[in-house]
Structures are given as C-alpha cells and as structure tokens.
Amino acid sequence: MISVIIGISSGLVTILIIALLKGLDKLTMYGLILSGIGFLYVGFTWSDTGALIINGAQAVFFLLIAWYGIKKGLYILGVGYFLHGTWDLVYNLFQDSNLIPPHYDLFCLSIDFTIGIYLLVIGYRNVKGSFIK
C-alpha cells in the first residue's frame, strides 16, 4: 500500500513540476517520461537474455507511443501511460518477474495511472488535445 501512496504522490509531484515549468513543451515532457519509464525495465533485466529481449521490445513500443503522442496530442500520451500501467500489472505473469524490485509494479502503475488520468482530463477539457500555452 505504501508503494501506491508513494507512486500517486510522485505522479502528482511530476504533474506539478511540469505545470510550473513555463516555456517548456509539456507534450514533449510527458512523452519523454513515457519513453523513459519503458527503458527502466531494460535496466532491471539486462542480466537475463530472454527478459532483455522482451523488455527491449516493450521499451521501443512505448518509445514509439511517446513519439506519436508528442505529434498527435494528449489522448495518445494518456493512453500510453495507461498501457504502461497495464504492462506493470501483467509483468508479474512472466517467469523473470523476480528481476524487478519488490512492489515496483504497484509503484509504477500508480504513477502511470495518475499521470494518465491527468492527461485524459486535460485533453477532455481542451478539445484540441494540447496544452493551452
């Protein structure tokens, strides 16, 4: 439960920091975060070739979603965060899930869903799906 509280808090702090940084392209910031979180799994699983291949593929997948989201808007990025949160849950079904730190799945899922909800709400408020500058 503590990992979820820390994850939600971290997601809210991330949203706050990005909101306070004036002059930055917010879509790019959220896209960079989405692409980076995919590669964390690569860092955790580099010692197992099979796990490295699976996690390398998912990292590239989320990198492409992030790139597309930067080009097309908040909805794509929001969905990308939800997909990554789902990946966090599903990853426990893999044989090599013990390579990931304990409770990382709940921590990362809570950050992903917090940011994903925020992006979808902001996208809904602004029909164009982009931040008001």
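The values are calculated or read from the model by the stated rules, or taken from the named source; none is laboratory data. All figures in this text were calculated on a predicted structure; none of them were measured in a lab. Reconstructed Cβ throughout: ideal geometry from the backbone, glycine too, with neighbour counts over all protein chains shown. Side chains are part of the model used for accessible areas, which takes the heavy atoms of the whole protein and leaves out ligands, DNA and RNA. Shrake-Rupley method; radii C 1.70, N 1.55, O 1.52, S 1.80 Å.
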Check your understanding: Within the range 102-113, is there a residue that is surrounded by fewer than 17 Cβ atoms within 10 Å (Cβ to Cβ), of a type in the set (D, E, K, R) and over 17 Å from F44 (Cα atoms)?
Key -> no
Exercise for review: Answer yes or no: is there a residue in the range 112-121 that is at pLDDT below 95, out of contact with any Phe, Trp or Tyr (no Cβ under 9 Å at 6 or more places or on another chain) and part of a loop (DSSP other than H, G, I, E, B).
Suggested key: no
**Study point:** Selected residue [open to solvent by 20 Å² or more (accessible area, probe 1.4 Å), at pLDDT 90 or above and not hydroxyl-bearing (S, T, Y)] from G23, G85, G36, G78
**Key:** G36
Check your understanding: Under the condition of being modelled with pLDDT of 95 or more and among the β-branched types (V, I, T), which residue from the range 39-75 is surrounded by the fewest Cβ atoms within 10 Å (Cβ to Cβ)?
Key -> V60
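Listed here are the residues, each with its yes/no results for (1) under 10 Å from the mean Cα position of the chain (by Cα); (2) within 17 Å of D112 (Cα to Cα).
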| residue | (1), (2) |
| --- | --- |
| S10 | no, yes |
| L27 | no, yes |
| L77 | yes, yes |
| F94 | no, no |
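For the range 60-85, which positions are within 20 Å of H103 (Cα to Cα) and in contact (Cβ under 8 Å) with a residue 24 or more places away in the chain?
Looking only at the range 60-85, we keep the residues that are within 20 Å of H103 (Cα to Cα), and these are 81-85.
Correct list: Y81, F82, H84, G85.
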